[in-house]
Amino acid sequence: MATNLDLESIVSELYSPLYRFAFALSRNETQAADLTQETFLILAKQQAQVRDVTKIKSWLFTTLRREFLRGLRSQSSHPEVELQPEHQDELVVEPAVLRATDASTALEALAQVDESYRMVLELFYLADLSYKEIAATLEIPIGTVMSRLSRGKEQLRVLLAKTEAPAKIAPSPRAGNLPT
Amino acid sequence: MNLDDAKEILSAYRSDDRDREDPIFREALEQMASDGDLKKWFEEQHAMDRAIRQKLASIEAPADLRARVMAQIRGHEARGRRFTLPPWLAIAACLVLGGFAVFYSRITGPNRFQEFRSEALAMVSKQGGPLLDLETPNLSETQTFLREHQAPCYEALPAALKSMETAGCRAFVWKEHPASLTCFRLPGGQFLHLVVIDQAAVGGANIAVGMKSMGEWHVMFQQKDGMLLMWATRAPMEELKRMFLTASCEWPDLKKPS
């Protein structure tokens, strides 16, 4: 049983992938940062109960996902007042992290993948978890992880091809193809 | 293994350094060596994985997130180190200490030393633990803090104490004399408090050395380099004896506890 976890090393190693995963779930910078902090705090509080140090990574992602879902349930039981459409437009702010077009493209494509495959793909790409860790995180059999990864990747490939195809056909003038 | 099975397994393959040794991939990887179509599919798949990971890697966590996480964890740990006392026990402790104060003042009359001892004990008995200016597990940080705040600090501690984790420290003034409190965490989880004050602050009192039990507290005084050191703990006497027995090698003036 691990009683003295090296929390500083764990945080240093995993705060970035956890944040990315949180961002993919929430699409909100503040919420992603809060989820990441909350997840590590839960680890600090429950570190005495950690029995297998090798499973901390998947434990953290499981916890973050659970906290995110808990937040969603809480929001749905206390629904926020809808904004009027004309005001809503003014309040939509593009998160800084999504200004990086590459990440935006990938996240948008991931968001369009069937829900049953999406989580497995997010854990594979964003958290860099192995198939065993994904199975442990989602509490599903290894075989299911593999088939979902395979089908999910196929969907993702098609979606990315659709997104990127126009760029290949009509490159941006800024890429150097100025009309002559 | 047919082509679809091999593809399904290889979909979970991340990179050579992480997954090559995993037996679940072995057969599929071997099959790839003799199947051109599978190899081509795998290379395309792998290129896509790399591209997606690269894209997603551009999602950057806020620059201060790591520091925020660590600050929150340290805050939690510091709160955890502060001991809590059930209200009924705090009341009982106050009554016992109050009783002792009255008892001692009746027998010996009020003097500065007894006053200091009573007030120092009241301070460390505070419900929720004594108020600390600095919460840190690091003894040298407490010593630096006390030096910076011109509070008396006895640094020539035995190795057994130097290696002990602290809860923190406090610089305070008692009757216009600077004083300090340092709280050590004993191996058993309880605290050992060290209160230090200029010896002149308590006058020329004849201070008895050796351990004394005062209610639930075990207290010991030492006089070092013109300073009065008061040690106080609620830990079992046996634990305290063991610790000071170890320390007595470096503090020859320390009497073997009886």
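Here, each number is a calculation from the coordinates, and none is a lab measurement. Remember, it's a predicted structure, so these values are computed and weren't measured experimentally. In this analysis, Cβ positions are derived from the backbone assuming ideal geometry, glycine residues included, and neighbour counts consider all displayed protein chains.
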Number of partner chain Cβ atoms within 10 Å, mean per residue of B:63-73: 6
Per-residue mean of C-beta atoms belonging to partner chains within 10 Å, peptide A:6-15: 3
Arrange the peptides B:55-63, B:7-15 so that the one whose residues have, on average, the most other Cβ atoms within 10 Å appears first. B:7-15, B:55-63
Prolate/oblate/rounded label for segment B:11-60 (Cα gyration tensor, a/c 1.5): oblate
Using a cut-off of 26 Å between alpha-carbon atoms, which lysines can reach B:Lys7, once sequence neighbours fewer than 8 places away in the same chain are excluded? A:Lys132, A:Lys153, A:Lys162, B:Lys39, B:Lys40, B:Lys55
Please state the relative contact order of segment B:3-57 as a whole percent: Cα pairs under 8 Å, 6+ residues apart? 35 percent
Relative contact order of segment A:97-166, defined on C-alpha pairs under 8 angstrom at six or more residues apart (%): 38 percent
